[in-house]
Amino acid sequence: MSLLRGTALSLAFENQPILEAVDIELDKGEMLGLIGPNGAGKSSLLRCLAGVIRTDSGVLHLGEQRLENIPHTERARRIAYLPQQTEVHWPLSVKRIIELGRIPHLEPWGKLSERDQQVIEGVIVDADLLPFRHRPFNTLSGGERARVLLARALAAEPEILLADEPVAALDPAHQLDVMEMLAVHCSQGNAVIVVLHDLRLAAHFCQRLQLLQQGCTLAAGKPGEVLTPDNLESAYQIHLPDTQSAIDTLLNITWSRIKK
Amino acid sequence: MLGEIRQSRLLGLLCAIAGSLFLFSLLFGSQAIPVFQALQETFDDTSSVLALILTEVRLPRALIALFAGATLGLSGAAMQAMLRNPLASPGLIGSASGAALGAVIALYFGSAALSQFSLPIGGILGSLGATLLVYLLAGRNAGTLTLILAGVAINSLTLALISLLLNLAPSPYAVQEIVLWMMGSLSNSSMDNFWIMLPGTLLGWMLLLRVGRALDALTLGEETAQSMGIDLPRLRWRIFFAVALAVGSAVSVTGAIGFIGLVVPHMLRPFVGYQPGRLLAASALGGAILLLAADILVRLLPAQTEIKVGVVTALVGAPFFLYLIIKSRRYSQ
């Protein structure tokens, strides 16, 4: 029984097809990488799964229930969404932003409970944000901002985290930090769908990849099966020499984070 | 720099200030009255002059200042949070100018003289109508910019219609009456005025005070808020309706009182850690404080003709707003 399953998802905008009969499946404990060229429909697919937009046709299941039959707040407790670019409109402190992640769990008038506080403290430590907790968001660097926003999404304790390019514009070390946080979330019995442009990160961290092209699934499966010279040429218009060493270079990250 | 204060302490402090100003407002006027004696006479139910001044003149004026100020502060905070735009004011979606148009129509056709209810009802209907027009014009899933533009368009239209009515006014007296009303004033307030504005403002407050958490979520943008379970079209509709109802009710009794809804949220934002939800209640109290204070100031100023409170709030509010802009400019550098 898969955690999240979408069948024949289609979406169009002003008669322009964006998604055409895409299937997607996510299992417990799994990190699924969505890859594909710009405009392939990765972000739109993620938005549909997050309940931000509705597909024109197709069926989405969360566990055994139809996604559209699940009340908004319950869905928000189970699925967290981290958009590509999150603007934070007021100079809130780091801790307050992370507290926002608990909103789906709160009663209409309720305050943060002891347990809410524990979860918040936990993600602050996990995201290595302890020194920044009282800093206003707008004074943080790009890497710190990315960690705060990810921590906000994780504070909801979602079964499924949908992250749209969470490592874009981050340096190699911060990229590893963020991917590591996603991997830890999966290892705790949850699941992650992550949109990535960095194919090496995708190959290294994701158990499965789904390659989208012009709104259709071009390939899906283990990284080695998806990242073939043929697929890359067709999707990205890039040439990969069909040699073992070239493919090994693509599928493996040879650097690692120096722990502080 | 001034920092965040614990919410209960902040609200307590603001309540205390608003309460003191409310009492102060009962004390001050063209006639200094011995309050305790007046209170005693009021409770003794002797319809003495002192009791009448207190219950029929001072009390409604103070109550209306309290409620109208709170409405403007609360609506301003809600609008700025919903549109995530620090320049938003309660009037942005047409509620204030719509109310003004409705009230002016009532004044113009003289129906205001027939029944004291026709002016506020005209105001509330005008406010709801203009806001609905902005809402329909912008469309159900409108972006913030579209909403603001639709508001600007409807605001100019209503102002043009008000000018047209002034232009065509049959007598200079009608013009004067309309112009004076539009300056915004709390003098000549009666308890009937207060009862007229009460239901609309209370209903608006109840709706607005409940959206705090959704407005907090909107800090992270519309998509994130939706993924967090916020029903965005419903939230927007609720805020539109509540602001139109509350501001329409208040403005049609007080006339146009500018700048409170714009300035108060800015003044209080640092104290609530910039969190939109926590700003709502604080901003309501802040608006009440500002309008009560302005109304007391008006009474203390030695002037032949009483200066209208709307003029004072704009005169004080505009330079203060400039100061805020200059300060924030320094921060961003």
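Throughout, read-outs are computed from the coordinates displayed, never taken from laboratory work. From a predicted model like this one, the values you see are computed outputs, not experimental measurements. Cβ atoms come from the backbone with ideal geometry, glycine included; neighbour counts cover every protein chain shown.
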**Study point:** Label point distance in nm, A:K259-B:T144, each placed 7 Å from Cα along Cα→Cβ
**Key:** 4.2
Review point. According to the square roots a ≥ b ≥ c of the eigenvalues of the Cα gyration tensor, what is the shape class of the range B:219-333, taking rounded for a/c under 1.5, prolate for a/b larger than b/c otherwise, and oblate for the remainder?
Key: oblate
Point to revise | Average silhouette area of the range A:161-204, convex hull of alpha-carbon atoms, in square nanometres | key: 2.8
Check your understanding: Straight-line reach from A:K42: which lysines have a Cα under 19 Å away, not including same-chain ones fewer than 8 places off?
Key -> A:K222
Revision key, fill the gap. Comparing B:R84, B:R140, B:R238 in a Gaussian network model of chain B (Cα, 10 Å), the one with the largest mean-square fluctuation is B:R140
Revision key, fill the gap. The range A:180-212 scanned against label point 7 Å out from A:D248 along Cα→C-beta; backbone N under 20 Å for A:199-205
Review point. Can you give the calculated 222 nm mean residue ellipticity of chain B, where each DSSP H run of n ≥ 4 adds -39,500 (n - 2.57) and the sum is split over every residue, rounded to the nearest 500 deg cm²/dmol?
Key: -24500 deg cm²/dmol
Practice item. Give me the distance between the Cα centres of the range A:162-215 and the range B:47-67, rounded to whole Å. Key: 67
Exercise for review: Specify whether the C-alpha gyration tensor of the range A:1-88 places it in the rounded, prolate or oblate class, a ≥ b ≥ c being the square roots of the eigenvalues: rounded for a/c under 1.5, otherwise prolate if a/b is larger than b/c and oblate if not.
Suggested key: rounded
**Study point:** D_trans [Stokes-Einstein, Kirkwood Rh over alpha-carbon pairs] for the range A:119-260, 10 °C, 1.306 mPa s, µm² s⁻¹
**Key:** 96
Study note, to complete from the structure: Taking a crude spin-label model, label points 7 Å out from Cα along the C-beta direction, the B:N188 to B:T305 distance in nm is 1.2
Revision key, fill the gap. For the B:L13, A:R66 Cβ pair and Förster radius 41 Å, calculated FRET efficiency rounded to 0.05 is 0.25
Exercise for review: Check the straight Cα-Cα distances from A:K95 and name the lysines below 30 Å, setting aside those fewer than 8 residues away within the same chain.
Suggested key: A:K28, A:K111, A:K259, A:K260, B:K327
**Study point:** Two-decimal ratio, chain A, of alpha-carbon radius of gyration to 2.2 N^0.38 Å
**Key:** 1.02
Check your understanding: How large are Rg and Dmax for the protein assembly as shown when only the alpha carbon atoms are used, in Å?
Key -> 29.0, 104
Point to revise | Computed over the range B:81-142, the ratio Rg/Rh where both radii use C-alpha atoms and Rh is Kirkwood | key: 1.12
Check your understanding: Hey, if you drop one equal point scatterer on each alpha-carbon of chain B and run the Debye formula without solvent, what base-10 log of I(q)/I(0) do you get at q = 0.07, 0.08, 0.11 Å⁻¹?
Key -> -0.29, -0.37, -0.70
Practice item. Given the options A:V59, A:V88, A:V195, state which has the largest fluctuation in a GNM of chain A using a 10 Å cut-off (strictly under) for Cα springs. Key: A:V88
Point to revise | Kirkwood hydrodynamic radius over Cα pairs of the range A:184-259, then Stokes diffusion coefficient at 25 °C and 0.890 mPa s, in µm²/s | key: 181
Exercise for review: Return the single residue from A:S141, A:S44, A:S57 with maximal mean-square fluctuation; model: Gaussian network over chain A, springs between Cα atoms under 10 Å.
Suggested key: A:S141
Revision key, fill the gap. per DSSP, antiparallel bridges as share of beta bridges in chain A, % nearest 5, sits at 55
